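Bear in mind these aren't lab numbers, they're just calculated from the coordinates by the rules spelled out. Just so it is clear, the model here is predicted, and its values are computed rather than measured. Note that we place each Cβ from the backbone using ideal geometry, even for glycine, and neighbour counts take in every protein chain shown.
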């Protein structure tokens, strides 16, 4: 039985499932979850270990055959330090992935505006001219409190964005998702670019 099939069964029965999640702030931590629904390649669930509703990537879930015991090693802990992020900004992503993206045939561009910035991928046309509209983009919208100051411009709205990171891809640069941090957005961007 596949993990997805087992999770679908648990959605129907309301059964708690013990998993090890290889993503998030504590990769490899054990969790006790109540699956709610599966959409695309993601599971929406109630995590009873953290006490919060979560959206988890199906390909990062490992089903555990025995229930989790409180206090067992490897259990998700709310007080654990998150590992340092390998990538924090678009500059980091561009520095590491520009060459592989160009090797894969993409023209790589950047756009920086008053409210945000993005890393843009364009197809290379046969005559080495670029198509004017990007095919894939990784976007960051500055929260109101860290937006760059532009002289003479109206200040940005005071509300703070909950999910400032997003990925868009052809056709019509449709949104593929939005996230609070770069960590989950980057694999989606690389998959859309054909590097995953």
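Between residue 174 and residue 59, full extension at 0.36 nm per residue minus the direct alpha carbon distance yields a gain of 39.1 nm.
Treating r as the C-beta distance of residue 162 and residue 111 and R0 as 30 Å, the FRET efficiency rounds to 0.85.
For the peptides 53-65, 181-193, the ranking by mean Cβ contacts within 10 Å, running from highest to lowest, is 181-193, 53-65.
On the beta carbon distance between residue 46 and residue 103, with R0 = 45 Å, the FRET formula returns roughly 0.55.
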